[in-house]
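Okay, so here's the structure we're looking at.
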């Protein structure tokens, strides 16, 4: 992988957000086999340091804005399961996930939806 194939953001901060939030199902390698509906801004402005330690300020749109918000959530200690959106998981793992989420969430705040195994 070459340096121009990715972007490194050190200590990123969202300084502006624009547009009406868009709700989509998100997955995450930290929570395999789970998707949660998460609402995020379609446009953000981020301040950070680049790989050379220089201050940068850049706008991100749509999918890339969603990914950056998701990754900043990780830096803040937040996972997709911490959102109150609909939760999707494979139907064949229903018992496992119900046990986990009943012990960690109030049932009234989690709307669980089962799917056939799309993964």
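The values are calculated or read from the model by the stated rules, or taken from the named source; none is laboratory data. Predicted, not measured: the structure shown is a model, and the values here were computed from it. Here the Cβ positions follow ideal geometry from the backbone for every residue, glycine too, while neighbour counts run over all protein chains shown.
The table that follows gives values for the structure above.
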{"quantity": "Cβ pairs under 6 Å, 6+ apart, first in region 1-19 and under 16 Å from residue 70 (Cβ atoms), second assigned to a strand (DSSP E or B)", "calculated": "9/48; 12/46; 12/48; 13/47; 14/44; 14/46; 17/44"}
{"quantity": "Strands (runs of 3 or more DSSP E) contained in region 21-79 and holding at least 1 residues over 30 Å from residue 100 (Cα atoms)", "calculated": "43-49, 55-61"}
{"quantity": "Qualifying residue in region 11-23 (condition: at pLDDT below 95, in contact with a helix residue (DSSP H, G or I) (Cβ under 9 Å, 6 or more places away or on another chain) and surrounded by 15 or more Cβ atoms within 10 Å (Cβ to Cβ))", "calculated": "no"}
{"quantity": "Any hit, region 56-71, residues being surrounded by 14 or more Cβ atoms within 10 Å (Cβ to Cβ), in contact (Cβ under 8 Å) with a residue 60 or more places away in the chain and on the phi < 0 side of the Ramachandran plot", "calculated": "no"}
